[in-house]
Amino acid sequence: MTAVPPIAEDRSDGPHSDILRAEAIRVGYDTRVVIDGLDVGFPVGSITALVGPNASGKSTLLKALARLLPLQAGQVLLDGAALQTMSSRVIAQRLGVLPQSPLAPEGITVADLVSRGRHPHGRLLRRSGVDDLRVVADALVVTGTAELADRPVESLSGGQRQRVWIAMALAQQTSLLLLDEPTTYLDIAHQIEVLDLLADLRAAASKTIVMVLHDLEQAAAYADRLLVLSEGRLVAEGPPREVLTEQLVQDVFGLRSRIIPDPDTGTPLILPRGRHSSSPTPQEIP
Amino acid sequence: MTAVPPIAEDRSDGPHSDILRAEAIRVGYDTRVVIDGLDVGFPVGSITALVGPNASGKSTLLKALARLLPLQAGQVLLDGAALQTMSSRVIAQRLGVLPQSPLAPEGITVADLVSRGRHPHGRLLRRSGVDDLRVVADALVVTGTAELADRPVESLSGGQRQRVWIAMALAQQTSLLLLDEPTTYLDIAHQIEVLDLLADLRAAASKTIVMVLHDLEQAAAYADRLLVLSEGRLVAEGPPREVLTEQLVQDVFGLRSRIIPDPDTGTPLILPRGRHSSSPTPQEIP
Amino acid sequence: SCSTSAETEASGECGVFPYTLAHAFGSSAFEESPERIAVVTDVDLDIAIALGVEPVIYPGYELGAWQQEAFDERGLQLDSYDPADGIDFEAIAASKPDAILATSGWSLDEDYEKLSAIAPVIAYTTEDGLDAMTWADRTELAGCALGIPEKADAAIEGVGDAFAAAAAAHPEFAGKTITYAVIHPDQITYSSYQGSDVSFFTDLGFTLPEIAAEFTGDNAGLSKENIDKLEADVLVIGYPFGDEGLLTRSELESDPLFQSLDVVKRGAYGVIGDDVASPIAYPSPLGLPWALDAVAPVLATAAK
Amino acid sequence: MTDALLPLLVRERRRDRTRSALVCLVLSVAILAFAAAEILAGSADIALDDMIPAAFGQGEGLAAYVVFETRVPRALVALLSGALFGLAGHLYQRLVGNVLATPDILGISAGASAAATAVLTLGAVGIGVQVSAVVGAVGVAALVFLLSWHRGVSPYRLVLVGIGIGACASAVTTYLVTRADEMSVERALRWMIGSLSGADWAGVWVLLLTLAVGAVLLLFASRGLRTFALGDDLAAALGTRVSRLRFGSLLLGAGLAAVATSITGPIGFVALVAGPLAARLVRRTDAAVAAALVGAVIVVAADLIAQTAPFISPVPTGSITAVIGAPALIYLLVHGRRRS
Amino acid sequence: MPSDPALLPRAPLTLDDRLLTQVSTRGRRRVLGLLGLLALTAIGVVLSFALGARHIAPGVVVETLLGLRPADDYETLVIVTERMPRALLALLVGASLGCSGVIMQALTRNPLADPGVLGIELGAAFAVLLGILFFGVRGASSYFWWALAGSAVTACIVLAIARLARLAASATISLVIAGAALSAILGSLITLLIVRDTAVYAHYNYWSVGQLNGRAGVIDEIWPFALAGLLLAVPLGRPLNALALGDEVAEGLGLAVGRWQLFGAVTAVVLCAAATAAVGPVAFVGLLGAHTARLLVGGDHRWLLPYGALCGAVLLLLADVACRLIPGNGELQVAIATAVIGAPVFVALARGRKVVPA
Ligand SMILES: Nc1ncnc2c1ncn2[C@@H]1O[C@H](COP(=O)(O)OP(=O)(O)OP(=O)(O)O)[C@@H](O)[C@H]1O
Ligand SMILES: Nc1ncnc2c1ncn2[C@@H]1O[C@H](COP(=O)(O)OP(=O)(O)OP(=O)(O)O)[C@@H](O)[C@H]1O
Ligand SMILES: [Mg+2]
Ligand SMILES: [Mg+2]
């Protein structure tokens, strides 16, 4: 990974500049409507963090945006065109998805799995060439899974596996990435690495990134914009520092917390106040 | 759950008081030795957090402690008796495990899954009685999954599912709990809730808890003791505030960070310094 | 001679060459009377031998007792092919036949193409010829196509005479009703239903009971609960696959339901084995007389 | 880093391809060798000099008949039907994601048999039987798909419905066969076990055409099938139209299996074993070509044994396929590396 | 911020109670379902006494059951010597197969596995054939012992192969593949043995059609095995429940995984082998029965086992009655009726099943 230019804080908000827009969508499952009448747009080159309590509909929204769930009403526009009218292949070339808990087929190797991300770019008769392999290799390297290329996916540790899935999404080389909890299972260093990588991608290739995160501090540190979902409704939206308040955390998550600025960077630090999180005798940190 | 007494900081270290001890164990998989010659003990009523980078062997160690992986050398003692000599059932009555990413059989409902945690307490022909049902109901309630009791597990959101698995481990009612990343998929409030719950259990029922965590702040806030694993070796061990240093984070995780005390509780806050985590213009937090 | 109508309308004059046989799959032309004959079914082997023809090759099923007898009598040493995987076209081609005798044969519809590429096939004459033709029709057909109609007539007459003689020797058969049932491995079959080829019994003077009209070729199975439908003056039980199956002979005879039949109480029943059940089911000019010799005593005992 | 990894991946890829190519080559050579042996061996003695021209339809007389009309089409039918069975089985196993999922278990073969038997008992012959077998199979496939449709088709439901429909269809067959009272043992055997004794050029052309059409269609499907293993969601995310592809592949597999069945009868086990064997040989799960070749090898070799092995020959080919395929499968099962 | 003594928001007690009632009403529903199935079984038995190829007046049936009719009366004989043993046989065989189907599917974690999946059917068939061919074995009762021995041996071989294969593939897949492979080999050998002998073919065919007709005599042989197998299955509910969660979780729950797998396999083999030996390869009943049960009660094996047994029994009983009722004088093979009756129910259940679209 090379040095990257500072992030341009461009937050043009006109719907016309949104690469992806959901308009009055209703989605859900067989008997359950999860989201009803939601409008939301994602500007080109932005990083949006989708936060909210469990079962608030984050994954459902992500799936709807990637047309993995049929819309019951409304529409999703990709670059102004309705997703429903586009071919699966064209969508897959422009929009990559990482589901929340994907399952690898038995026996598949890391390299093989990641190379399946190249699927939307394949031609009927052309076997994947060196170009494809270069993309795969790149994805493996940036996710730190290069040494694992030959290993069967099922023999990896949880964090290794998660990074392989991220590599697959990256190998798809789409300008739009929808990631459902990409940092799950990762150790803190790898979490930061993955988030840095996403920021790099946004900066260097102007990718648009939408990701579900549970860690509000990371969301605040890396996203331009926070979407706060609660019970299927959008309860707050905007720059992290404006959106994230102790009140919001209390209202949305039902969590008492204290929010202080990072002494160095100024990004908000959310200090949860669980019943046991306080220690009777504060100690000096060495 | 009733009010709990403050956590007694009793850290008697004699091997005799360890409810679980690993002695010079070597474990691994078919071709790969992951941990070799590790000694570690877990005192009764302690909460131990197992931290370390991905692939450092945390899950492997946990599985070895729960005799889910055969030992290649050494032994694990549960209350002084070697695990290998004990019957599975007796072990299961005293030691509960939550694997890193368990898979529910298709179509199973939440209540059904959780009630399978009662397995080690069942008699051969006795149907699960009201007592069992009450334990199951309790486990559902404390994990906040009571409303989901009748839903098929596969129709839950990631966080809901994770809590159901935790409920199953709790329903096992063991004095020793080995949890592999119990907070994965959970929103912050639920993470805190689960950790509080574990602290409650330790305090009220004097359970011994060993858990893998990636969030070092939470590990520091809730554990009496941190075990830091790296490449299969124990590189640090002790009270969180002593163990957790910027140097350690740098050495073990390769992550630049700044550690400050929580202004209220004094527990360490680890502020990662990713390439993108600093903002050019620190802002005031509302 | 008794040509069937189907035959006369489509073929040349019987026994005169060149001769064209129109049959179910087209027609076969013979310039002169064929010398080397290949047969592809058991029944056709019988017909050939009954007509005094020595086939150049035949399907090597285990020979029936009547066939073995004929082979021994005439000292026949014939080539055969192993029919376990169907017709061995190669072996038949290698035997260089002038004609292939196939007046019977269940898979002829599938095999005809490949057989006719080897030599003209003497096939059954109509689409339903397999079921509709009697053994006499087949013998007749073979006689015409092989240029030996007189031998065919003689063979047919010989069988007729044998039956007439047996009927005369056993006047007690006349007018008695008879039921012929076989015990298959998986069911009891009422074989002598109205409309089936029961000439073996009727030629001896027996008649069919009324109940025989209840059964048809499609519906000849008989539940053991209804075993009383076998009642008649005389009952013959056949074991086409040997003394086993749904009920072995001893099981049958000790069965309370069977024992409760009148005909059984009277002792007016007989049991015949696979050696004769088969030529009765697949009659041929060679097998019939032999079967008659074997069955007549059984019938006589039962009809006493 | 990438620069270090790329050559490795390329090498890996090349090794995989070389391995695949090598396996396919070896299989092809084996097929040719077995087919040649089949053409050379037989109950009739033909001089080699007559054999060569005869094999190309040039000779005359006995040699021409035996070689060109009997042995060559038989070898070709063995080869082609084996390939079709192998492909169909492979396709279904990937479609459903279950090794037991062959056209048999999904009721397809039963549908073909039922339709074929129905028209057989109505008195139809030849091509009519084949056409109705194919129609029956494809019809059952479509029915199974439609009955299991509920906002998309989950493989599990597909299989359950397939089992049910298949049970009905085979009941129909059994019923028809027992009704057709005088069905000879010989014919029943041929129908049940699968025999190549009736192989002729018409069959060869039908099989060849089917294989060609099937191969082209499979080419379209195969890329999408690669993503199936990742689960329906990810497959869709990668641009595969999951339901459409599943429906199409279901019909395709049904068609392939039915055509082969209508010509040779149900040659057992090839559909089941070809896929897993091929996957273990080339160490990848998406080995359609290898599966076809494995199918072909099995049937050709089985036919050779069925026709020439001492003591047992000739026997219906279908009775030998398992004797070849099953031990190979067990061997690979026990000794194969855990990387399918 | 000082420690706050506030508690976790404690759910009101009523929720707890509602949950309990919810759970227990579900239990009650399951009990009711079980009673319903038992009633259906009883109805099946009664129907099987009352209906058949021959029309017998209900009064006669009742009188026969009460012992009011002369023992040598034809219709009484039909009921006593034909229908009663058959009903009993259908009951035993159906229950054995249904139960063994549930176990096999749980052990292999494969919904396509029928009880014959370990090669039991073909093993039995092969042994019967050897008996017929080389030892002059005749009659359903003698077939029974050969079939039993054959399926036991085959199942052992399959288990051994699967054990050897464990390192190379997952255990459940190995089991399934090994079973299929061995079955196929035996099938071939059978064909080779019978292809030249039409009489043996016919007898093998008779055995392999799978029918209750004419097999009443084997009741004496089958009942100890069926009963033993069903008893062995009683303690299996909980272990199978744990096994369904995967080997690791099961082990964590205190299940000696390997031992219970073996025990389950043995039980399933005993059940299926006895049933197969008695009436021929009709393991399909087990597949249908197990799935029907699953669709009715869900995945709890403590319920699945009895439900599976009863579903199998009901299915076979009704099918047996149906195949006696076809117009005409004969009967249908029970396998045909099983499919015709069972399959539509099965398809309907499978369609109605609330599966989340994958
Ligand atoms: N396959 C499904 N069938 C039915 N309901 C579902 C399904 N998946 C999710 N749900 C329900 O829809 C709601 C939203 O779920 P969703 O997965 O979108 O939540 P989420 O915000 O992603 O939560 P998490 O943080 O736990 O992943 C929840 O109530 C959940 O139970
Ligand atoms: N089933 C397996 N077969 C072979 N190797 C394995 C298997 N599972 C894990 N490993 C390897 O063992 C090592 C330790 O893995 P382990 O799962 O214990 O890591 P971990 O510390 O739990 O990591 P994570 O935080 O990613 O869960 C890793 O190198 C991993 O690749
Ligand atoms: Mg989610
Ligand atoms: Mg882990």
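Tell me which residues, restricted to the stretch E:333-347, are over 25 Å from residue D:153 (Cα atoms), without any contact (Cβ under 8 Å) to a residue 40 or more places away in the chain and facing chain D (nearest Cβ under 7 Å).
Result: E:336, single match.
Would you mind stating whether residue B:258 is in a strand (DSSP E or B), more than 13 Å from ligand 2 (Cβ to nearest atom), of a type in the set (D, E, K, R) and at pLDDT below 95?
Yes; evaluated as a whole, the condition is true for this residue.
More than 10 Å from chain E (Cβ to nearest Cβ) and either within 16 Å of ligand 1 (Cβ to nearest atom) or not basic (Lys, Arg) (or both), is that true of residue B:107?
no
Check off (1) hydrophobic (A, V, I, L, M, F, W, C); (2) open to solvent by 30 Å² or more (accessible area, probe 1.4 Å); (3) within 11 Å of another protein chain (Cβ to nearest Cβ) for residue D:52 and give me the number that stays unchecked.
It is condition (3) that residue D:52 fails.
For (1) more than 9 Å from every other protein chain (Cβ to nearest Cβ); (2) open to solvent by 30 Å² or more (accessible area, probe 1.4 Å); (3) among the polar types (S, T, N, Q), each residue gets a yes or a no:
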residue	(1), (2), (3)
B:134	no, yes, no
B:147	no, yes, no
B:155	no, yes, yes
B:164	yes, no, no
B:175	yes, yes, yes
B:187	no, no, no
B:194	yes, no, no
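Within the stretch A:108-116, can one find any residue that is on the phi < 0 side of the Ramachandran plot and within 12 Å of ligand 2 (Cβ to nearest atom)? Full working, then the answer.
Kept after step one, since they are on the phi < 0 side of the Ramachandran plot, are these residues of the stretch A:108-116: A:108-116.
Now restrict to residues that are within 12 Å of ligand 2 (Cβ to nearest atom): A:110.
Yes, the conditions are met somewhere in the stretch A:108-116.
If I go through the stretch D:220-274 residue by residue, how many of them are assigned to a loop (DSSP other than H, G, I, E, B) and more than 10 Å from the chain's Cα centre (by Cα)?
Counting residues in the stretch D:220-274 that are assigned to a loop (DSSP other than H, G, I, E, B) and more than 10 Å from the chain's Cα centre (by Cα) gives 8.
Please go through the stretch E:312-332 and give me each residue that is away from chain C (no Cβ under 13 Å) and open to solvent by less than 10 Å² (accessible area, probe 1.4 Å), ordered by number.
Answer for the stretch E:312-332, where residues must be away from chain C (no Cβ under 13 Å) and open to solvent by less than 10 Å² (accessible area, probe 1.4 Å): E:312, E:313, E:316, E:317, E:319.
Here are the criteria: (1) away from ligand 1 (no atom under 16 Å from the Cβ); (2) open to solvent by less than 10 Å² (accessible area, probe 1.4 Å); (3) closer than 28 Å to residue B:34 by Cβ. Tell me which single one residue A:160 does not satisfy.
Failed condition: (2).
Within the stretch B:44-56, track down each residue that is assigned to a loop (DSSP other than H, G, I, E, B) and within 18 Å of residue B:209 (Cα to Cα).
B:44, B:45, B:46, B:52
Of all residues in the stretch B:128-161, which are out of contact with any Gly (no Cβ under 7 Å at 6 or more places or on another chain) and in contact (Cβ under 8 Å) with a residue 40 or more places away in the chain?
B:142, B:143, B:144, B:149, B:150, B:151, B:153, B:154, B:156, B:161
Could you tell me how many of the residues in the stretch A:26-40 are away from ligand 1 (no atom under 13 Å from the Cβ) and open to solvent by less than 10 Å² (accessible area, probe 1.4 Å)?
The qualifying residues number 1.
What number of residues within the stretch C:77-90 satisfy the criterion of being open to solvent by 20 Å² or more (accessible area, probe 1.4 Å) and not in a strand (DSSP E or B)?
5
Restricting attention to the stretch A:48-57, and to residues there that are under 13 Å from residue B:159 (Cβ atoms) and open to solvent by less than 10 Å² (accessible area, probe 1.4 Å), which single residue is farthest from ligand 4 (Cβ to nearest atom)?
A:57
Looking at (1) assigned by the TED database to the domain that holds residue B:50; (2) within 27 Å of residue A:261 (Cβ to Cβ), which is the only condition residue B:181 fails?
(2)
Can you confirm whether residue A:65 is more than 9 Å from ligand 1 (Cβ to nearest atom), within 16 Å of residue A:100 (Cβ to Cβ) and crowded, with 23+ Cβ neighbours inside 10 Å?
yes
Return the residue satisfying two criteria in turn: it lies in the stretch D:224-260 and is within 7 Å of chain A (Cβ to nearest Cβ) and out of contact with any Ser or Thr (no Cβ under 8 Å at 6 or more places or on another chain), and of such residues it is surrounded by the most Cβ atoms within 10 Å (Cβ to Cβ).
D:237
Sort through A:242, A:237 and tell me the only one that's surrounded by fewer than 23 Cβ atoms within 10 Å (Cβ to Cβ), of a type outside the set (A, V, I, L, M, F, W, C) and touching a Pro at 6+ places or on another chain (Cβ under 9 Å). It would help to see each step written out before you state the result.
Numbers: A:237 fails: touching a Pro at 6+ places or on another chain (Cβ under 9 Å).
When all the criteria are applied, what remains is A:242.
Can you name every residue in the stretch A:70-120 that is free of Cβ contacts under 8 Å to residues at least 24 places away in the same chain, part of a helix (DSSP H, G or I) and open to solvent by 30 Å² or more (accessible area, probe 1.4 Å)?
Correct list: A:84, A:85, A:90, A:112.
Can you tell me which condition residue D:307 does not meet? The list is (1) closer than 16 Å to residue D:194 by Cα; (2) free of Cβ contacts under 8 Å to residues at least 60 places away in the same chain; (3) open to solvent by 20 Å² or more (accessible area, probe 1.4 Å), and all the others hold.
Of everything listed in (1) closer than 16 Å to residue D:194 by Cα; (2) free of Cβ contacts under 8 Å to residues at least 60 places away in the same chain; (3) open to solvent by 20 Å² or more (accessible area, probe 1.4 Å), residue D:307 misses just condition (2).
Which of the residues belonging to the stretch D:9-25 are touching a helix residue (DSSP H, G or I) at 6+ places or on another chain (Cβ under 9 Å) and within 22 Å of residue D:76 (Cα to Cα)?
If the condition is that a residue be touching a helix residue (DSSP H, G or I) at 6+ places or on another chain (Cβ under 9 Å) and within 22 Å of residue D:76 (Cα to Cα), then D:23, D:24 are the ones that fit.
Of A:145, A:109, A:60, which residue is within 30 Å of residue E:174 (Cβ to Cβ), among the β-branched types (Val, Ile, Thr) and at pLDDT 90 or above?
After applying the criteria, what remains is A:145.
Test residue E:131 against the criterion of being outside any loop (DSSP other than H, G, I, E, B) and of a type outside the set (Phe, Trp, Tyr), and give yes or no.
Spelling it out, residue E:131 is indeed outside any loop (DSSP other than H, G, I, E, B) and of a type outside the set (Phe, Trp, Tyr).
Do you know which residues across the stretch D:65-109 are open to solvent by 20 Å² or more (accessible area, probe 1.4 Å) and in contact with an Asp or Glu (Cβ under 8 Å, 6 or more places away or on another chain)?
D:69, D:74, D:94
Specify the residue that is nearest to ligand 3 (Cβ to nearest atom); the eligible residues are those in the stretch B:204-217 that are surrounded by 24 or more Cβ atoms within 10 Å (Cβ to Cβ) and within 11 Å of chain A (Cβ to nearest Cβ).
The residue in question is B:214.
The values are calculated or read from the model by the stated rules, or taken from the named source; none is laboratory data. Here the structure is a predicted model, which is why all the values come from computation and not from measurement. Note: ideal-geometry Cβ built from the backbone for every residue, glycine included; neighbour counts use all protein chains shown. Note: areas computed on protein heavy atoms with side chains; ligands, DNA, RNA excluded. Shrake-Rupley method; radii C 1.70, N 1.55, O 1.52, S 1.80 Å.
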